[in-house]
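Read the structure below first, then the notes.
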Ligand code: KIV
Ligand code: NA
């Protein structure tokens, strides 16, 4: 029986061996990722990479809970964190606590994550003080893309750099045990990582973070688009296309199923 990685374990990894993190949305994939990862995130990216939504705005609490339950069935070692979707935590600390508690009790996950702007200090503090392990998420916040005019890396101006640093410091002071930094340059990632005492987990945020995360479907090449920060470790789109083309041709020429795939039953009724 392996022991599950806890929020305290993740927090203690600050400045040590980099944290290996990936997203997961279903049980079989979680089972494959679990031996390799410290943290599995049930990201609201599920709306885009699994459900085909154009953004994460349409993702619901029920979707996150359903996918969180599936991932928990597949993973028994990595810490599983579940994203709080747009609209489920911004209104008040009380709203955030209620929905986070629901996610935790219905999925059994070990932590939740919120996209944490500078306003989110009270919300993180309210949850953290009531025994909810919280991960912050600063810099490029996908749930803010519509309000900000798109997915844009953060830190082109001094004011913007100061704001991302402030977001991270606020999340840390409020009690987040780790902070995802998305879409910033090397310098800014280095500065934030050197400033906060909890681990930073980068996505499009350089190697100057205490860990890395990618959307699993992106790194496996499920899609033919590749944002700058994604490294493709496989090309599942091509490999799936080739496999399905072979299946289609074998069905059409009747070479599948062959004798190997057919039951041979000895009849018992004479
Ligand atoms: O939703 C997601 O997948 C994320 C990360 C990749 C950090 O928030
Ligand atoms: Na997310």
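We did not get these values from a lab; they are worked out from the coordinates using the rules stated. From a predicted model like this one, the values you see are computed outputs, not experimental measurements. Cβ: placed from backbone, ideal geometry, glycine included. Neighbour counts: every protein chain shown.
Listed highest first by mean packing, meaning other Cβ atoms within 10 Å per residue, what order do 217-228, 55-66 come in?
The densest-packed peptide leads the list: 55-66, 217-228.
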So the angle from the long Cα axis of helix 61-74 to the longest Cα principal axis of the chain, reported in degrees to the nearest 10, equals 60 degrees
FRET efficiency (residue 27, residue 156; Cβ distance; R0 35 Å; to 0.05) is 0.30
Estimated FRET transfer efficiency when R0 is 25 angstrom, pair residue 77-residue 236 (beta carbons, to 0.05): 0.55
For q = 0.09, 0.18 Å⁻¹, what log10 I(q)/I(0) does region 7-235 give under the Debye formula with an equal point scatterer on each alpha carbon and no solvent? -0.31, -1.48
Could you give the nm distance between label points at residue 255 and residue 50, where each point is 7 Å from its Cα heading toward the beta carbon? 3.6 nm
Give, in nm to one decimal, the length gained when the segment between residue 105 and residue 122 is fully stretched (0.36 nm per residue of separation minus the Cα-Cα distance). 3.9 nm
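Taking only DSSP H segments of four or more residues, each worth -39500 (n - 2.57), what value at 222 nm results for the chain once the sum is divided by all its residues, to the nearest 500 deg cm²/dmol?
Values: 11 runs with 105 residues, N = 270.
Counting only the DSSP helices, I get -11000 deg cm²/dmol.
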Report, to the nearest 10°, how far helix 236-252 tilts away from the longest principal axis of the Cα atoms in the chain, using its own Cα long axis and a range of 0 to 90°. 20 degrees
Which value in nm describes the separation of the simple spin-label points at residue 36 and residue 57, placed 7 Å from the Cα toward the beta carbon? 3.4 nm
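Arrange the following residues from fewest to most other Cβ atoms within 10 Å of their Cβ: 46, 180.
Starting with the residue having the fewest Cβ neighbours, the order is 46, 180.
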Between helix 158-174 and the chain, what is the angle of the helix's C-alpha long axis to the longest principal axis, kept within 0 to 90° and rounded to the nearest 10? 80 degrees
If one computes the Cα centroid of region 209-270 and of region 25-93, what distance in Å separates the two points? 23 Å
With springs connecting C-alpha atoms under 10 Å apart, model the chain as a Gaussian network and identify which of 73, 254, 141 has the largest mean-square fluctuation. 254
Residue 129 paired with residue 94, simple spin-label distance in nm, labels 7 Å along Cα-to-beta-carbon: 1.5 nm
Sort 127, 29 so the one with the fewest other Cβ atoms within 10 Å of its own Cβ comes first. 29, 127
